Amino acid sequence: MRTWALIVDTWREALARKTLLGFAGASTLFLLTVTFALDLDIVQGSLAAATLFGHPLEMHGGPVAITEVVTGGLSAFAGLTYGLGIFLAVFATGNQVPNLMRRGTVDLYLSRPVSRTHVLLGRFLGGVTVVAANLLYLCGGLMVIVGLKTGVWEGRFILAALLILVVFLSFLGFMYLVGVLSGSTPLSVMLSYGLWVISMPLAAHDKIAAAMDSRLSIAIVNGLYWVLPKTAELGRDIVRLVLDQGTPGASALATTTAFGAACLGLAVALFRRKSF
């Protein structure tokens, strides 16, 4: 029950700061746009014609199998959701630890018969549920709309949403560490975006290292690649998953998860020793 109370507190905070309403509103607007703006003419399992906002879309080469249209469209949206979803989720949850550590708030939490570890992990779980609910609402809603319009139900799109959530968990663990160390919301958000920017080009770490002369520089580049989240590789894997062209790479998924877990574990250790 104590964990549930911490999760409920996180949701109340998200509602009070309009974070949850902003997520839900943007998702609902997009779903309504897809529902009313896209019109498909399907003949014997093939897309014969399509209109977007009342304007016909050109069909080069004649009718296209509707399954190809659906998987191609959903894979493109999965890639868009990956980048935009992480960006919005980081922005929405970057204040969780700094708000917790404010005078008055932290005193209230620590006065309860709950350990500091329980408090921090309960807040973490609350943030995860907020983002997960929004991701599943958006992705599940889109899958239902596309399924009703086309008769094609692509369950892999939900799996892609779960993979996006795993990547977000890694960044949330990092934000918790920065939040405990600094107590600053802007710093937590900016460093997370910086982590995203730095980790993206590291997918080509072997080519970057080959262009370097210093052994130390090569070791740093390779070390950063294996320690930091594999954002580029997992973004590619998300698209491939929807297209049914493979499963996520085990090493990329494992190292990204390990990074988030290590950051969260260190945040808990520091929070337990922090003086308020």
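Modelled spin-label separation between Val8 and Val166, with each label point placed 7 Å from Cα along the Cα-to-Cβ direction: 3.3 nm. Whole Å is fine, so just give me how far the alpha carbon centre of region 140-193 lies from that of region 217-276. Region 140-193 and region 217-276 have Cα centres spaced 14 Å from each other. Using the Cβ-Cβ distance between Ile198 and Ala37 with R0 set to 30 Å, the FRET efficiency from 1/(1 + (r/R0)^6) comes to roughly 0.20.
Applying 1/(1 + (r/R0)^6) with r as the Cβ-Cβ distance of Leu15 and His118 and R0 = 25 angstrom yields a FRET efficiency of 0.65.
For the chain, modelled as a GNM whose springs connect Cα atoms under 10 angstrom apart, the maximal fluctuation among Arg236, Arg17, Arg123 occurs at Arg17. Legend: calculated FRET efficiency, His205 to Arg103, from the Cβ-Cβ distance at R0 = 35 Å, rounded to 0.05, equals 0.20.
If you add up the charges near Asp237, with Lys and Arg at +1 and Asp and Glu at -1, over every other residue whose beta carbon is less than 15 angstrom from its beta carbon, what do you get? Neighbour charge sum, excluding Asp237 itself: +2. Using the Cβ of Val70 as centre and a radius below 14 Å, the other residues enclosed give a net charge of -1, where K and R count +1 and D and E count -1. The helix-only estimate of mean residue ellipticity at 222 nm for the chain, built from DSSP H runs of length n ≥ 4 each weighted as -39500 (n - 2.57), is -25000 deg cm²/dmol after division by the residue total. Each label point was placed 7 Å from the Cα along the Cα-to-Cβ direction; for Asp213 and Ala250 their separation is 4.1 nm.
Calculated from the structure at hand, log10 I(q)/I(0) by the Debye sum over Cα atoms at q = 0.08, 0.11, 0.16, 0.17 Å⁻¹ is found among [x] -0.37, -0.69, -1.30, -1.40; [y] -0.28, -0.55, -1.28, -1.49; [z] -0.41, -0.72, -1.20, -1.28 as [z]. Other residues within the sphere of radius under 15 Å centred on the Cβ of Asn95, judged by their own Cβ, net out at +3 (K and R +1, D and E -1).
Throughout, read-outs are computed from the coordinates displayed, never taken from laboratory work. Treat the numbers as computed from the prediction; the structure is a model and nothing was measured. All Cβ positions, even for glycine, are placed from backbone atoms using ideal geometry, and neighbour counts span all protein chains on display.
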